[in-house]
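Structure first, commentary second.
The values are calculated or read from the model by the stated rules, or taken from the named source; none is laboratory data. Not measured: the values here are computed from a predicted model. Here the Cβ positions follow ideal geometry from the backbone for every residue, glycine too, while neighbour counts run over all protein chains shown. For the accessible areas, the whole protein counts, side chains as well, though only heavy atoms, and no ligand, DNA or RNA atoms are used. Shrake-Rupley method; radii C 1.70, N 1.55, O 1.52, S 1.80 Å.
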Amino acid sequence: MAYLKILTRRYNLAGCTDYAVNEDKTVENAARYALNPEKTEERFYASCLNCGSVETANEEMQKTKKRFGKEDKVLCYHVIQSFPPGEGTPEQIHKIGITFAKECFGDFEVIIGTHLDRGHLHNHIVINSVSFVDGRKYRSVPKTLWQLREVSDRICRENGLSVIIPKGKGKHYAEWQAEQSGKTTIRSMIRKDVDTAIEQSFNYRSFLDAMRVSGYIVKYGENVKHTAVKPKGGQRYIRLSSLGQGYTEADIQERLQKKRLYDDFHFGGKERKNYNKIRLKGSFQKSRRITGIRALYWKYLYLLGKAKKKTGRRKVSPYLYDDVIRFEKYVKQNKFLSENRIDTIEDIESLMSFFHGEISRLVEERKRIGKEVRLRGENIKVDAVYQQCSEQIKAYRAKLRMCENILETEGRIRINLQTMKELERKEGKEYEPGKRSGRTNDKGNPANQRNHSETVGNRG
């Protein structure tokens, strides 16, 4: 079961090659050999491919780079091929590393070192980034690692070793990174809505209806191979099967069936007749209360004297006069929050992550289209597909700027509200002593008596 990863090195080529073939790590029985050299044979598991020897591999790689004038940027790639404890012998693991290097990096200079210093055997394979045959550079992209793993798994099977069987479909790196940091993603939000819809549904048809009620556009029918949904405000459909294990059409059908069996067992057939009846307490209007950032914006718009409640408009506090001129800006931001159902900072960050991903994808797509248009000898400004791609990029960037402005404005609104609250409290305390009874003036007379006498004196 070989675990594979590839590292990119932009500096210290010599240090990388020396580490791969370090004798302290690649020599078998080195300690016992020092104690009893007559009974123990020393074995050195380090080899090279397309080089004269392991000792001169680094110099030959440097000469190849100099010969083709490619001595900067990525210097080499470092592949680590790890095996579980107790699986394989040093000879077998080293042989697998050599076979793997020959098949994947035949036109490049490579050194292979099998390390024995840990509880598990693992190969360190260092590949020169420049081919000694034609000078082309090796390119490592996300798809490269999967291709290398397929070759590694096949060689392991041929040698009777186990392989890793992935569970479900892999996640996009941005989604994985967001989940590791505890952030909400678009797909995690969809998964929550799907779970809620399943709890409210009886069969698959009612499940799709529940998703539509939640604001999703559903793509489903005889001519649709995979059920897909598009969130409110989204630009593309997302297949339910891409949400992970438990969210394919078959999995959802199975979950709905288990739910029906559970309801039958606990409630019986009589209760099933009233399954879709819901009894509500209170008014429906009061139950639809907004929270989070949207509530903050509504409160602030009301304090600015523009948003109207049942009690009428509120007189604007003098401490908010400077922000009245920004009212239209706040209205647009509040509308954006409502349309995209944003309640928390995590929702904004998740939406920004989605916009960044779509912009990157569209930029690459536009480059590809532009290259094809140029090869045809046509004008890019006239090409409709290129212009459509540019318009989509422009729209996403505008939405991304809106999210950035909301994050900035949200902090300023909270500071303004806190400042206004503190200043109004301070102003109330300054006038409070004159309103209290029993307080005395500097002469020892009650404050209200002093005011009365001053008033009488003025009259005279």
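A few notes on this one:
- Residues (surrounded by fewer than 13 Cβ atoms within 10 Å (Cβ to Cβ) and either aromatic (Phe, Trp, Tyr) or closer than 25 Å to Val27 by Cβ (or both)) located in the range 60-86: Pro85, Gly86
- Selection status of Leu351, closer than 22 Å to Ser214 by Cβ and surrounded by 12 or more Cβ atoms within 10 Å (Cβ to Cβ): yes
- For first residues located in the range 145-160 and under 14 Å from Ala101 (Cβ atoms), partners that are in a helix (DSSP H, G or I) and of a type in the set (A, V, I, L, M) and lie 6+ apart or on another chain with Cβ distances below 9 Å form the pairs Ser152/Ile96; Ile155/Ile96.
- Boolean, Glu408 is over 20 Å from Leu296 (Cα atoms) and at pLDDT 85 or above: no
- Residue identified as farther than 18 Å from Gln235 by Cβ and open to solvent by 70 Å² or more (accessible area, probe 1.4 Å) among Lys381, Lys394: Lys381
- Residue match in the range 32-45 (condition: within 40 Å of the chain's Cα centre (by Cα), at pLDDT 85 or above and open to solvent by less than 50 Å² (accessible area, probe 1.4 Å)): no
- When residues of the range 216-230 are limited to those that are touching a helix residue (DSSP H, G or I) at 6+ places or on another chain (Cβ under 9 Å) and surrounded by 14 or more Cβ atoms within 10 Å (Cβ to Cβ), the one farthest from Val194 (Cα to Cα): Tyr220
- Helices (runs of 4 or more DSSP H) fully within the range 87-196 that include at least 2 residues being within 30 Å of Val229 (Cα to Cα), open to solvent by less than 60 Å² (accessible area, probe 1.4 Å) and modelled with pLDDT under 85: 173-180.
- Applying the condition of being modelled with pLDDT of 80 or more and open to solvent by 40 Å² or more (accessible area, probe 1.4 Å) to the range 231-247 and asking which residue is nearest to Ala395 (Cα to Cα) yields Arg236.
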